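Okay, structure first, notes after.
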Amino acid sequence: MTQRTADAKNTTGTTGTTGTTKTGDTTDAGNPTVVVTGARGRTGSRVARAAEAAGLAVRAASRATGFDWEDRTTWADTLRGADAAYLVHPSDVGAPGTAEAVGALAEQALGLGVRRLVLLSARGEDQALPTEEALRASGADWTVVRAAWFAQNFSEGPLVEELRRTGELVFPAGEVPEPFVDARDIAEVVVAALTGGERYTGRSLTVTGPRLLTFGEAVAEIARATGRGLTYRAVSARDYGEALTGFGVAPEEAGFLTEVFGTLLDGRNAQVEDEVVRQVLGGREPRDFSDFVREEAAAGTWRAV
């Protein structure tokens, strides 16, 4: 969450698995090859599936396939021979050290002939700007996709576990509305950027859902769809950070999250910006949060444990 974009980790927990995404090198000599980092995460797994559907050869990059953002010696084997790459950092796009890592990976990619790079970033996150600048300064053919909070944050990771166990979501969002975006729409925009040639090169694309909801309203929609008495309780960013520390999150990470929440949830993102999704996807409307909720409720995502 923080980056609303995090693939391998969102606030306090890890994401789900790849589903049908292949975990190895699916390179096809006849198709362009795209490296998908965070291939086990919320967006990475969906980008991989959307890329395969578009006829791309996907090289899934995660620790399971030998790629590690923290070990630069693993990067070359993953990048070599690819045509493009989707970049998502496992902690947060604005976390300390992310700008340096993205800049270094972009430099290595260019040295190996991989010029087309698409970075997942976060709408309105000031802390993400150095990472975006590192990509722009690399000389790559870059695109930045700035995403709103994922709808899938309610169905994958720590938030859903809290709803399953306690029936309550405790979060520092107050009553600030957010245009939650479906990660499948993010994936389709990313693939369009990867395959669109110069059309999206050198651009920052903002993607949101079609309507505003507070976190309380979002939980209420889930409650209606599931028939459970789910509730939302707002706390301050500072109190949430202290709670994270109590749950075992490192103090420096909890402090970073507190800082990010204090800015992101100040109302700056309380507007819909869905024009990019409609334009990139040929006029199709973004997926609505209620559609997401209906699908996940039918799958038993929020069943009590």
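The values are calculated or read from the model by the stated rules, or taken from the named source; none is laboratory data. This structure is a prediction, so every number in the text was calculated from the model and none was measured. Reconstructed Cβ throughout: ideal geometry from the backbone, glycine too, with neighbour counts over all protein chains shown. Note: accessible area is taken over every heavy atom of the protein model, side chains too, but ligands, DNA and RNA are not part of it. Shrake-Rupley method; radii C 1.70, N 1.55, O 1.52, S 1.80 Å.
Considering only residues of the range 130-139 that are open to solvent by 10 Å² or more (accessible area, probe 1.4 Å) and in contact with a helix residue (DSSP H, G or I) (Cβ under 8 Å, 6 or more places away or on another chain), which is nearest to R199 (Cα to Cα)? Give the derivation first.
Pass one, the range 130-139, residues open to solvent by 10 Å² or more (accessible area, probe 1.4 Å): 130, 133-134, 136-139.
Now restrict to residues that are in contact with a helix residue (DSSP H, G or I) (Cβ under 8 Å, 6 or more places away or on another chain): 130, 133-134, 137-139.
Details: P130: 24, E133: 20, A134: 21, A137: 19, S138: 19, G139: 17 Å.
This residue is G139.
Right, T37: touching an Asp or Glu at 6+ places or on another chain (Cβ under 8 Å) and surrounded by fewer than 21 Cβ atoms within 10 Å (Cβ to Cβ) or not?
Values: touching an Asp or Glu at 6+ places or on another chain (Cβ under 8 Å): yes; surrounded by fewer than 21 Cβ atoms within 10 Å (Cβ to Cβ): no.
In short, no.
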- Message: For the range 283-305, which positions are closer than 19 Å to D182 by Cα and either among the hydrophobic types (A, V, I, L, M, F, W, C) or open to solvent by 70 Å² or more (accessible area, probe 1.4 Å) (or both)?
- Response: R284, E285, F289, F292, V293, R294, E295, A297, A298, A299, W302
- Task: Would you mention how many residues in the range 218-236 are in contact (Cβ under 8 Å) with a residue 24 or more places away in the chain, closer than 20 Å to G174 by Cβ and open to solvent by 20 Å² or more (accessible area, probe 1.4 Å)?
- Result: 7
- Query: Inside the range 178-187, can you point out the residues that are over 24 Å from E161 (Cβ atoms) and either surrounded by fewer than 22 Cβ atoms within 10 Å (Cβ to Cβ) or of a type in the set (A, V, I, L, M) (or both)?
  - Reply: none
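Quick check on the range 255-305: of everything there that is assigned to a loop (DSSP other than H, G, I, E, B) and touching a Gly at 6+ places or on another chain (Cβ under 6 Å), which residue is farthest from Y200 (Cα to Cα)? Lay out the reasoning, then the answer.
Of the range 255-305, the ones assigned to a loop (DSSP other than H, G, I, E, B) are 265-274, 281-288, 299-305.
Add one more test, that the residue is touching a Gly at 6+ places or on another chain (Cβ under 6 Å), and what stays is 268-269, 286.
Details: R268: 25, N269: 23, P286: 19 Å.
Only one residue fits best here, namely R268.
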- Query: If you scan the range 109-129, which residues turn out to be crowded, with 16+ Cβ neighbours inside 10 Å and not in a loop (DSSP other than H, G, I, E, B)?
  - Reply: A109, L110, R116, L117, V118, L119, L120, S121, A122, Q127, A128
- Message: Pairs please, first residue from the range 252-269 and among the small types (G, A, S), second anywhere and at pLDDT 90 or above, Cβ atoms under 7 Å, 6+ apart in sequence or on different chains.
- Response: G267/V176
- Does at least one position in the range 66-89 carry a residue that is assigned to a helix (DSSP H, G or I), open to solvent by less than 20 Å² (accessible area, probe 1.4 Å) and of a type in the set (F, W, Y)? yes
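What about V58, is it in contact (Cβ under 8 Å) with a residue 60 or more places away in the chain, closer than 25 Å to R184 by Cα and surrounded by 21 or more Cβ atoms within 10 Å (Cβ to Cβ)?
Details: in contact (Cβ under 8 Å) with a residue 60 or more places away in the chain: no; closer than 25 Å to R184 by Cα: yes; surrounded by 21 or more Cβ atoms within 10 Å (Cβ to Cβ): yes.
Against the criterion (in contact (Cβ under 8 Å) with a residue 60 or more places away in the chain, closer than 25 Å to R184 by Cα and surrounded by 21 or more Cβ atoms within 10 Å (Cβ to Cβ)), V58 does not qualify.
Considering only residues of the range 40-55 that are basic (K, R) and touching a residue at least 40 places away in the same chain (Cβ under 8 Å), which is surrounded by the fewest Cβ atoms within 10 Å (Cβ to Cβ)?
So in the range 40-55, the residues basic (K, R) come out as 40, 42, 46, 49.
From what's left, touching a residue at least 40 places away in the same chain (Cβ under 8 Å): 42, 46, 49.
Values: R42: 29, R46: 25, R49: 20.
That would be R49.
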